[in-house]
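Working notes, structure below.
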Amino acid sequence: MLTQRPSLKARPTAVLLLLGILVLALFLSATPVRRADAPIVITNPDASRTVTWTFGTADHLTLQNVELAGGQAVLPWQAGTVAWTSPGQFLANASRDVNMSVGANGLELHSDSTNHVANGDFALPSNWNFSNGLTGQETVGREAAAQDAMFSYNAGMDWDTFDQLTNWTWSAPPSTCCGISPDPSNKVQGAGSMKMTVNITSTASWVSALRSGSVNWSGWDHLAVWINATNAGPPLLFNITAMVGASPRNTTAIPLTRGWNEVAVDITELGNSQERGSLQNLRFRINGQNVPTTQLYFDYATLGTAHALDESASITQPIMKSIPTTAAPGSGYLSFDWSWVNVSGVVSASPSATLSGSAGRVDVAFGHGSAGTWQHFGADVSSVSAGTGSYTLSFQLRVVVNNISASHANLRLDNVSLEWPNRGNGSYESIAIPLTLSSEFENVTWGATVPNGTLAAFRLRSGNGTNPNPASWSPWQTWIGGGHYAASLPGADHFQIRIEFNTTNASLSPSLSSMLLEIRHHAPSGTILADLFTPSADFLRWRSFNATWAGASGTAITFLAGDGSSLAPVPPSGSIVAVQGPPLRWRADLTTVDGLQTPGLVRIRATYEFLGPADHVQLTWSPSLDVEVQQSIAFSASVVDAGGHPLNASIIWTTTDRLGHIDNSGTYVAGSVGQWFVNATVAGSGQFASARVNVRPMNLLQAALYPYGLVAAIILGGAYIGYEGWVRRAFAIDDVFLISKEGRLMMHNTRRMRADRDEDILSAMLTAILSFLTDFDHEENGDLKRFQLGGKTALLQRGKNAYLAAVYSGRVPRWSEKDLRRFMDDLERRFGEVFARWSGDPEDLQGLKEFSDRFVSRLRYRPARNERRAS
């Protein structure tokens with residue numbers, strides 16, 4: 001019979017503690033402790049440990065296209081856009097295109113874009129009739145280099161703009177001041193004016209600005225100059241003086257008023273035309289007396305001749321129309337570009353355009369704007385141009401002049417167009433547009449220009465597959481007018497758009513310039529790479545890998561694991577014994593083909609086996625457990641941990657057969673009839689195994705001795721008497737152990753000189769003794785207990801408050817039992833009260849070891865005289 005008992009029964013406190021730890025470990029292995037981010041390591045009852053990774057944060061993990069949410073690792077949402085920014089992108093994805101085309105601003109209603117004006121860009125000198133004004137002072141013609149038409153009127157000459165003062169110097173009597181200088185801010189036109197600062201005392205009457213060199217004014221009779229007199233004090237007069245040969249000449253002085261005023265001077269007073277051809281020392285002179293310091297400004301002086309003009313120049317072209325249109329607005333449209341080169345010194349300059357036919361005429365005026373800028377002009381001519389037939393298109397410029405200063409009116413004309421667009425309502429519809437993955441639709445932005453009289457509607461829907469006709473597609477969502485809108489559509493892998501344009505004006509159309517659709521979907525793939533995990537030093541091998549994850553159809557997670565230097569595919573749940581070495585690193589690859597779904601990784605567990613402490617002893621024997629006295633049994637013991645892993649451990653062999661013997665190799669020789677235990681105890685541990693041996697009498701041997709048994713008995717008896725005398729001198733007490741009732745060692749005494757070197761032997765002895773006490777203490781009597789301890793014999797005596805164990809080498813004499821009982825009685829009389837209340841402090845047992853020396857060192861034990869007297 002084989003039994004196995006932990007020796008911890010002799011230590012109740014330790015038993016409770018270890019049982020508590022075991023229960024806690026079992027509980028933790030079945031119950032999540034808490035959410036953590038570093039790997040959690042839990043020791044299992046079968047000498048294995050489970051390493052668990054959870055996903056609260058990214059600690060100890062490397063994430064690529066993976067985010068952590070709700071304690072799971074998932075594929076993150078990724079934003080995306082579908083952007084069409086040109087009409088070509090719309091048309092490239094069109095399923096039908098009704099009355100829609102590419103316009104100047106984007107996709108718009110189709111129109112007849114024919115320009116019925118020939119050579120409207122004046123690229124050639126043909127098709128147009130050019131007519132100058134009646135007097136020929138206003139002209140019109142084609143500018144070949146610029147390829148446009150030019151209306152021109154120019155009279156007089158710009159003499160000095162005063163943008164620079166290179167020919168002017170200050171000239172005044174000595175008692176006056178101050179001078180002239182350029183001024184860029186106070187001006188009429190151009191870059192600046194001439195500033196004159198004056199101070200005329202009572203002894204002087206004038207100051208001037210002197211023009212150096214000769215001046216030729218022979219072709220003109222008047223000079224006009226802009227003057228700004230800022231002083232409101234004494235009156236100031238302006239006139240011009242010059243030298244004709246040696247003769248001084250001057251014009252009539254003209255009073256000045258505050259602010260800018262154009263002053264016209266009759267320059268014929270300086271001489272006749274021939275004399276004015278060479279004027280010297282010409283001065284602009286300011287006259288006055290007692291004039292405090294003040295400033296005057298001169299700008300834009302022109303030469304001219306007093307005259308009046310009112311005439312027009314024109315260009316015309318005949319146009320034939322062969323297709324009738326309606327008279328509704330927008331059915332006929334005239335447009336062109338124009339630009340003033342300059343216009344100044346005239347009473348008026350009035351450009352206009354005219355279209356005339358059998359149904360009437362349209363006259364439109366234009367030309368309101370600054371010089372130097374090209375502007376576009378358009379006019380609706382639908383009311384007079386619905387029918388077919390001959391039409392005349394003309395442009396004219398009327399110039400009115402009544403002054404003496406220089407006059408200019410120059411107008412350019414280009415890009416003349418006359419269209420009958422004949423637009424109608426239209427729509428655009430796209431094919432089913434595929435997305436990379438099924439996606440959620442968030443916002444749509446579409447850019448549209450919607451003139452008055454037109455309407456633009458944008459429609460959007462979603463669905464799966466390339467055929468948008470099944471009922472599974474969503475209804476159209478519609479927005480009127482361009483802008484940014486929320487798209488509340490079902491998630492899908494395709495979408496479709498439709499645009500509807502309406503107009504009540506054939507020349508006007510809405511235009512669609514762009515469409516931006518904002519979507520989002522889960523990333524198609526992502527990776528989690530765990531940091532390298534290294535188990536504790538008692539690692540044996542990796543056992544299993546288990547991943548907990550969930551995901552809809554179309555999602556997946558694949559796993560790889562390895563020792564860090566390389567990774568190989570592993571099943572989501574299965575063996576990883578192929579991973580060599582203690583370090584472990586794993587990788588999880590998350591994928592989805594449905595952008596609306598993501599797999600969710602909840603937990604990773606990897607279990608490895610380790611070499612644990614001794615858990616149990618396995619006994620084997622040969623031949624059987626039923627033997628006769630003096631027969632032997634060969635026992636062997638193997639020690640394993642809780643996982644069944646074999647351990648290298650020292651075995652202490654003992655037996656309860658008092659006359660039997662068991663050596664260190666496990667060979668047991670039966671000594672007496674009965675049922676006895678053979679114990680195999682792990683040195684330094686409380687683990688042991690027992691086998692119950694049935695020992696029978698030596699029946700066969702007795703039969704062999706008969707009838708010579710009586711003689712043999714006499715001979716053996718004599719030998720025994722002699723042997724007993726020898727045994728008295730052939731034994732020794734090696735060790736004495738005093739053990740408390742709770743199983744704590746109170747005292748150890750030995751005759752060996754260097755007992756400190758035999759720690760393993762002593763530990764094994766003590767463990768075996770405690771195991772023996774655990775098995776047999778239930779008898780509750782003081783009888784002596786005896787068992788074999790390797791090649792030695794252990795005797796145990798129970799006292800009132802402690803146990804006494806003596807380990808003998810050699811043959812134990814008969815009186816040893818009586819000596820041991822006497823010694824136990826003496827210990828109880830001497831130290832009984834101390835034993836009863838001993839707290840575990842060695843200081844409470846002072847003198848105990850010295851007291852025991854008499855038992856260890858003597859052949860026979862005798863109580864001290866005073867102790868015998870007390871007994």
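Dipole of the chain computed with +1 at Lys/Arg Cβ and -1 at Asp/Glu Cβ about the Cα centre; of Val140, Ser514, Gly330, farthest Cα towards the positive end is Ser514.
Spacing of the modelled spin labels on Ser348 and Ser566, each 7 Å from Cα toward Cβ, amounts to 9.9 nm.
Using a 1.4 Å probe on the protein chains only, how many percent of the accessible area of the range 609-653 belongs to carbon and sulfur?
Numbers: 1030 of 2120 Å².
Of all accessible area on the range 609-653, carbon and sulfur atoms account for 49 percent.
Summary value for the range 335-462: 33 percent relative contact order, contacts being C-alpha pairs under 8 angstrom separated by 6+ residues.
Per the Debye calculation on the range 529-609 with a single equal scatterer at every Cα and no solvent contribution, log₁₀ I(q)/I(0) for q = 0.11, 0.13, 0.17, 0.24 Å⁻¹ amounts to -0.31, -0.42, -0.66, -1.10.
Between Asn452 and Met157, the simple label model (points 7 Å from Cα in the Cβ direction) yields a spacing of 5.2 nm.
Surface listing: Ser690, Ser565 arranged by accessible area from highest to lowest gives Ser565, Ser690, probe 1.4 Å.
Using 0.36 nm per residue and subtracting the Cα-Cα separation, the extra length available between His661 and Glu833 on full extension is 58.1 nm.
Residues of the range 409-432 with an amide N closer than 16 Å to a point placed 7 Å from the Cα of Asn115 along the Cα-to-Cβ direction: 413-421.
Annotation: peptides 160-173, 835-848, ranked by per-residue average of other Cβ atoms within 10 Å with the highest first, follow the order 160-173, 835-848.
Using a 1.4 angstrom probe on heavy atoms only, work out the carbon and sulfur share of the accessible area of the range 409-478 in %. About 44 percent, which is the carbon plus sulfur part of the accessible surface. Normalised by the number of residues in the chain, the mean separation of alpha-carbon contacts (under 8 Å, six or more apart) gives a relative contact order of 12 percent. Backbone phi angles across the range 354-363, fed through the Karplus curve with coefficients 6.51, -1.76 and 1.60 (θ = phi - 60°), yield HN-Hα couplings of 9, 10, 10, x, 5, 8, x, 9, 10, 10 Hz in residue order; Gly and Pro are listed as x. With protein chains left intact and a 1.4 Å probe, residues in the range 601-671 average 43 Å² of accessible area per residue. The accessible-area ordering, largest first, of the residues Lys741, Lys818, Lys321, Lys800 stands as Lys800, Lys818, Lys741, Lys321, per a 1.4 angstrom probe. The share of Cα pairs per 5 Å bin across the range 181-242, counted from zero up to the longest distance, runs 3, 10, 20, 22, 22, 14, 6, 1 percent.
Given R0 = 60 Å, the distance between the Cβ atoms of Thr548 and Lys792 translates into a calculated FRET efficiency of 0.55.
May I ask you to list the residues of the range 199-232 whose amide nitrogen lies under 14 Å from a point 7 Å from Cα along the Cα→beta-carbon direction of His307? The answer is 219-222, whose backbone nitrogens lie closer than 14 Å to the label point. Within a straight-line Cα-Cα reach of under 30 Å, Lys741 can be paired with the following lysines, leaving aside sequence neighbours fewer than 8 residues apart in one chain: Lys9, Lys785, Lys792, Lys800, Lys818, Lys849.
Helical runs assigned H by DSSP (4 residues or longer) give the chain a calculated mean residue ellipticity at 222 nm of -4000 deg cm²/dmol, each run adding -39500 (n - 2.57) before division by the residue total.
Amide H contacts for Ile519 (H built 1.01 Å from N in the peptide plane; partners 5 or more residues away or on another chain; cut-off under 5 Å): Gly80, Thr81, Val82, Glu442. Calculate the tail of P(r) for the chain: the fraction of all Cα-Cα distances greater than 45 Å, expressed in %. More than 45 Å apart: 68 percent of the Cα pairs in the chain. Expressed as a whole number of Å, what is the distance separating the alpha-carbon centroids of the range 280-348 and the range 172-247? Between the Cα centre of the range 172-247 and that of the range 280-348, the gap is 28 Å. Full extension of the chain between Asp841 and Thr203 gives 216.3 nm of extra length, using 0.36 nm per residue less the Cα-Cα distance.
Note on the range 97-161: Cα-only Rg and Dmax are 19.8, 64 Å. Available extension along the chain between Asn272 and Ser101 is 54.4 nm, counting 0.36 nm per residue and deducting the alpha carbon span. Each residue of the range 129-138 was assigned a 3J(HN,Hα) from its phi angle through the Karplus expression (A = 6.51, B = -1.76, C = 1.60, θ = phi - 60°), giving 10, 9, 10, 6, x, 4, 8, x, 6, 9 Hz with x at Gly and Pro. Extending 7 Å from Cα along the Cβ direction at Ile323 and again at Arg258 yields two label points whose distance is 6.8 nm. Charged side chains reduced to their Cβ positions (Lys and Arg at +1, Asp and Glu at -1) give the chain a dipole of some 5280 debye around its Cα centre.
Protection proxy ranking for 573-579, 364-370, 517-523, 217-223, using the average of other Cβ atoms within 10 Å per residue and placing the highest first: 517-523, 217-223, 573-579, 364-370. Note on the range 42-199: dipole from Cβ charges, positive end direction compared against Ile180, Gln78, Pro125; the farthest Cα belongs to Gln78.
Nonpolar atom fraction for the range 518-594, defined as the carbon and sulfur part of the 1.4 Å probe accessible area, stands at 56 percent. If you plug the beta carbon distance of Ala38 and Asn65 into 1/(1 + (r/R0)^6) with R0 = 35 Å, you get a FRET efficiency near 0.95. Using a Förster distance of 60 angstrom, determine the FRET efficiency expected from the C-beta separation of Ser573 and Asn186, and round it to 0.05. Efficiency, rounded to the nearest 0.05: 0.05.
The values are calculated or read from the model by the stated rules, or taken from the named source; none is laboratory data. Computed from a prediction, not measured in an experiment: that's the story for all the values here. Quick reminder, even Gly has a Cβ in these numbers, built from the backbone with ideal geometry, and neighbours come from all protein chains shown. For accessibility, only protein heavy atoms count, side chains too; no ligands or nucleic acids. Shrake-Rupley method; radii C 1.70, N 1.55, O 1.52, S 1.80 Å.
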